[in-house]
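The values are calculated or read from the model by the stated rules, or taken from the named source; none is laboratory data. Bear in mind the structure is a predicted one, so any value in this text is a computation, not a measurement. Methodologically, a virtual Cβ is constructed for each residue, glycine included, from the backbone with ideal geometry; neighbour enumeration extends over all protein chains shown. Note: areas computed on protein heavy atoms with side chains; ligands, DNA, RNA excluded. Shrake-Rupley method; radii C 1.70, N 1.55, O 1.52, S 1.80 Å.
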Amino acid sequence: MTTTRTSETSTATDGLVGTAGNRFADAVASRRRAPGGTARGAAGRLARLVLNLRRHPGTVLAVVWLVLVLVATLAPGLFTGQDPIDGVPADKLTGPSAAHWFGTDQLGRDLFARVVYGSALTLQAALIAVGIGLLVGSLLGLLAGFIGRWVDDVIMRISDVLLSIPALLLSLALITVLGFGTVNVAIAVGLGSVAAVSRIMRSEVIRVRNAVYVEAALASGNRWSRVLFRHVLPNSAGPVMVLAALEFGTAILAISALSFLGYGAQPPAPEWGSLVSTGRNFLTTAWWLTTLPGIVIALTVLAANALSRALDSDERRSR
C-alpha cells in the first residue's frame, strides 16, 4: 500500500514538472513568435528604430546633433584649434565672426572653443547623474515590484517623500551635504531622479511578474533570483530606458542650472551653465555670451527629448 502511494505521488510530481516545463517552453515560443520577441532581439529593435528615424526627419536631426555633441566631448580638437582657457586681451568682447564663430568673452577667449570643451564637463556629469538614477532606481523598483509586501510599502513611501520635494531643491540640499563640484552636482541630480525611475520600474515589474512565462519559470524550479534577472528585468527595462533618455535632457538642464548658480565647476573651467552665468554681466554689450551657449543647451535637451519620443514609439509598437 505504501509503495503504491509513493509511486502515485512520484508520478504526479513528474507530471507536474513535465506540465510546468511544457508550459514554460510554450511561453518562450510564444514570446519569440510575437513582434519584438526574443528571436528578433536587439537586432530587430535596432531595425525598427532605424525605420522610425527614417520616417521622422526631425528625430534624425536630433540624433545627428547628439552624435556631434558626443564627438565634441570625446575629441574637442576636431572642432576647434583655439585654447579655451587662454585668450587674447586685445580681442575681448568681439562679436561672432569667421575667426570666432561664437565671438569672444571679456578676457578675449574664444567662446566656441569654451562651449566645445565645456561639453565634456556637462555631458559627463549628465551621464553620471543618469547612471546613478538608473542603477539605484531600477534596483529599488525591481525589488519593490517583485518581492512586494512590506518591501514594496517601504520603498514606495520613500519614493513618495522624494517626489514631493522639487528636484532642484532636493539637489541643492544634497549638494550642501556633498560639497561643490561637477561630480557632486551629478551625484545630487542622479539621486534626485531615483524616485521616478523606481516607480516606473516597479509598475513594469508588477505587469511582467504575472506573465505566463514567469509563472512557468518559477513552477519549473528556477530560483527566484534567476527568474528576476533572466526574465523579469529584461522585459521590464524598455520603459525605463525611454525614461533614461528623457532624464538625460533633464539632467543637462539641472546641471546647467546648478552650475549657473555657482555650485558646479569653478572658473576658468568652461562648463555650459557657468558660461551662461558669466555672460549675464554683459547682456547689454555682448549678447552672444549668454545666448549662444544657451541655444546649445536648449538644442541638446530638445534632441534628447526627441530621441526619447522615438524610443517610446518603438517600445509601444513592440508590445
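Given the criterion farther than 19 Å from V276 by Cβ, surrounded by 15 or more Cβ atoms within 10 Å (Cβ to Cβ), touching a residue at least 24 places away in the same chain (Cβ under 8 Å) and touching a helix residue (DSSP H, G or I) at 6+ places or on another chain (Cβ under 9 Å), identify the matching residue among I175, I158.
Selected residue: I158, the only one of I175, I158 that is farther than 19 Å from V276 by Cβ, surrounded by 15 or more Cβ atoms within 10 Å (Cβ to Cβ), touching a residue at least 24 places away in the same chain (Cβ under 8 Å) and touching a helix residue (DSSP H, G or I) at 6+ places or on another chain (Cβ under 9 Å).
Residues that are of a type outside the set (S, T, Y), surrounded by 15 or more Cβ atoms within 10 Å (Cβ to Cβ) and touching a His at 6+ places or on another chain (Cβ under 6 Å): does region 84-104 have at least one?
no
Among the residues of region 251-262, count how many are part of a helix (DSSP H, G or I) and farther than 16 Å from V116 by Cα.
So the count comes out to 8.
Does region 195-203 contain any residue that is open to solvent by 20 Å² or more (accessible area, probe 1.4 Å), modelled with pLDDT under 75 and among the aliphatic types (A, V, I, L, M)?
no
Take the residues of region 263-290 that are aliphatic (A, V, I, L, M), in a loop (DSSP other than H, G, I, E, B) and touching a residue at least 24 places away in the same chain (Cβ under 8 Å): which is surrounded by the fewest Cβ atoms within 10 Å (Cβ to Cβ)?
A269
Conditions first: (1) of a type in the set (A, V, I, L, M, F, W, C); (2) within 20 Å of the chain's Cα centre (by Cα); (3) closer than 14 Å to S138 by Cα. L246 passes all but one, so which condition is the exception?
(3)
So for region 120-129 (the condition being in contact with a Lys or Arg (Cβ under 6 Å, 6 or more places away or on another chain) and closer than 30 Å to F229 by Cβ), does at least one residue qualify?
No, region 120-129 contains no residue that is in contact with a Lys or Arg (Cβ under 6 Å, 6 or more places away or on another chain) and closer than 30 Å to F229 by Cβ.
Quick test for you: out of A303, A298, A310, pick the one residue that is open to solvent by 20 Å² or more (accessible area, probe 1.4 Å), closer than 22 Å to V69 by Cβ and out of contact with any strand residue (DSSP E or B) (no Cβ under 9 Å at 6 or more places or on another chain).
Result of the check over A303, A298, A310: A298.
Against the conditions (1) surrounded by fewer than 16 Cβ atoms within 10 Å (Cβ to Cβ); (2) in contact with a helix residue (DSSP H, G or I) (Cβ under 9 Å, 6 or more places away or on another chain); (3) modelled with pLDDT of 85 or more, where does G148 fall short? Just the number, please.
Checking G148 against (1) surrounded by fewer than 16 Cβ atoms within 10 Å (Cβ to Cβ); (2) in contact with a helix residue (DSSP H, G or I) (Cβ under 9 Å, 6 or more places away or on another chain); (3) modelled with pLDDT of 85 or more, the one that fails is (3).
Looking only at region 175-191, decide whether some residue is in contact with a Gly (Cβ under 6 Å, 6 or more places away or on another chain) and not hydroxyl-bearing (S, T, Y).
Looking through region 175-191, at least one residue is in contact with a Gly (Cβ under 6 Å, 6 or more places away or on another chain) and not hydroxyl-bearing (S, T, Y).
Scan (1) open to solvent by less than 70 Å² (accessible area, probe 1.4 Å); (2) in a helix (DSSP H, G or I) for the single condition E215 breaks and write down its number.
With respect to (1) open to solvent by less than 70 Å² (accessible area, probe 1.4 Å); (2) in a helix (DSSP H, G or I), E215 is out only on (1).
Out of curiosity, is F248 out of contact with any Leu (no Cβ under 6 Å at 6 or more places or on another chain), assigned to a helix (DSSP H, G or I), aromatic (F, W, Y) and buried (at least 21 other Cβ atoms within 10 Å of the Cβ)?
So F248 fits the description; yes.
Open to solvent by 70 Å² or more (accessible area, probe 1.4 Å), over 17 Å from A265 (Cβ atoms), modelled with pLDDT of 85 or more and of a type in the set (F, W, Y) - does that describe any residue in region 105-113?
No: zero hits.
Would you tally the residues in region 178-194 being among the polar types (S, T, N, Q) and open to solvent by less than 30 Å² (accessible area, probe 1.4 Å)?
Residues that pass the stated criteria total 2.
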